[in-house]
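Handing you this structure, nothing more for now.
The values are calculated or read from the model by the stated rules, or taken from the named source; none is laboratory data. A quick note: this is a predicted structure, and the numbers were derived from the prediction, not measured. Using ideal geometry, Cβ is built from the backbone for each residue, glycine included, and neighbour counts are taken over all protein chains shown. When the accessible area is computed, the model is the full protein with side chains, heavy atoms only, and any ligands, DNA or RNA have been set aside. Shrake-Rupley method; radii C 1.70, N 1.55, O 1.52, S 1.80 Å.
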Amino acid sequence: MSLKLGAHVDQEDPLAEAADRGADLVQFFLGNPQDYKAPKVAYADGEEALRERAAAAGVDLYVHAPYRLNVANTNNRIRIPSRKLLQQTLDKAAEIDVKGVIVHGGHVGDEDDPEAGFDNWRKCIERAELPVPLLIENTAGGENAMARQLERIERLWEAVQASGNDRLENVGFCLDTCHFHAAGEELPSIVEKVLAITGRIDLVHANGSRDEFGSGADRHANFEDGHIDPAHIVAVVEAAGAPVVVETPNVDHGQKTDIDYLRSHLN
C-alpha cells in the first residue's frame, strides 16, 4: 500500500521538518492554536515560496485550525469569533495550496441541548466559503461534544449535509485513533462504522494513547508506548486508505520512528 505519511510539525519551517522525518506530508498551525488572532504563515520566505517549494519537494501541506475554535457553541462570544477565524484560516490556507484544514467538532455547554450545536454547525457550513477542504475531526472527551461518539458524529454529519453549501464536496472527515480510543469506540471496526456515516475518510491522525480505553483523555503517545495495540493503528490506516498524520511526541525522533513503523507494517 502506498499512502502518504507525515507528521504534525512546527510552523516555522515545515519543509525542513518533513525532511527530518522522511515525511510525504506535514500538518501545522498558522499561529497560536490557543487564541483568536488572525492566521499567518510563519515561513520566513513567505506564502509563495512555501507553496512552490512544497510542490517541488512533493510534500503535501495540511493546516490544523486553532484549538480555541468552537463553531458549535451557543455563546455568541465564542461562536461568532470562531466562525470568523475558521474562514480566515481556510482563506489563508488556500494561499499555500493545502490539501485540507482540520477542525475539531467542538461542544456545547453541559446544560445545553446538543441539537443547538448541530444546528450551529449547519449554519456555519451554510455560510462558509470552502476554497480548500475542511476536515472535521472526532474528539476525545466532553459529555456534550459534537463529534465524540459515533451517534453524535452521525447527527453532526446530517446537519452538515443539510447546510446546502454548493461546495459540500469540500467538507470531509479526519479520523483520530487516540480520540476514538479515548471516547470508548473500538478501533478494529471504526473505519467501517465511520464510512457508514460519512461515506468518506479524508485523513487519519495515527496516534497512540497515554491513557486507557474510554478515558476521555486527549493525550497522545508513540505507538509502542501507549495503551493502543499498534496493530490496531496499522489496521485503521489500511482500512481507511487515506493520507496519515502522526501527532505523537517527537522526543528522540519519535515521530520518525512511528512513520517508519507504519511504512514497515502496511501491506
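Could you say which residue among 94, 147 is modelled with pLDDT of 95 or more, of a type outside the set (Asp, Glu) and more than 19 Å from residue 75 (Cα to Cα)? It would help to see each step written out before you state the result.
Working: 147 fails: more than 19 Å from residue 75 (Cα to Cα).
Just a single option satisfies the conditions, and that option is 94.
Going by what's in this entry, would residue 189 be described as closer than 27 Å to residue 118 by Cβ, in a loop (DSSP other than H, G, I, E, B) and at pLDDT 95 or above?
On the way: closer than 27 Å to residue 118 by Cβ: yes; in a loop (DSSP other than H, G, I, E, B): no; at pLDDT 95 or above: yes.
Taking the combined requirement at face value, the residue does not satisfy it.
Being over 26 Å from residue 156 (Cβ atoms), open to solvent by less than 60 Å² (accessible area, probe 1.4 Å) and out of contact with any Asp or Glu (no Cβ under 6 Å at 6 or more places or on another chain) narrows it down to one of 90, 86, 50, so name that one.
On the way: 90 fails: over 26 Å from residue 156 (Cβ atoms); 86 fails: over 26 Å from residue 156 (Cβ atoms).
Residue meeting the stated conditions: 50.
From the residues in the range 129-138 that are open to solvent by less than 20 Å² (accessible area, probe 1.4 Å) and part of a loop (DSSP other than H, G, I, E, B), which one is farthest from residue 72 (Cα to Cα)? It would help to see each step written out before you state the result.
Of the range 129-138, the ones open to solvent by less than 20 Å² (accessible area, probe 1.4 Å) are 130, 132, 134-138.
Keeping just the survivors that are part of a loop (DSSP other than H, G, I, E, B) gives 130, 132, 138.
Details: 130: 18, 132: 21, 138: 14 Å.
Across the range 129-138, the extreme among qualifying residues is 132.
Restricting the search to the range 53-71, which residues are among the hydrophobic types (A, V, I, L, M, F, W, C) and surrounded by 15 or more Cβ atoms within 10 Å (Cβ to Cβ)? Before the answer, list the steps.
Applying the first criterion (among the hydrophobic types (A, V, I, L, M, F, W, C)) to the range 53-71 yields 54-57, 59, 61, 63, 65, 69, 71.
Listed by number, the residues that qualify are 54, 59, 61, 63, 65, 69, 71.
Okay, next question. Can you tell me which of (1) assigned to a helix (DSSP H, G or I); (2) open to solvent by 40 Å² or more (accessible area, probe 1.4 Å) is the one residue 218 doesn't meet?
Single failed check for residue 218: (1).
State whether one or more residues within the range 140-150 are touching a His at 6+ places or on another chain (Cβ under 6 Å), in contact (Cβ under 8 Å) with a residue 12 or more places away in the chain and either open to solvent by 60 Å² or more (accessible area, probe 1.4 Å) or not aliphatic (A, V, I, L, M) (or both).
yes
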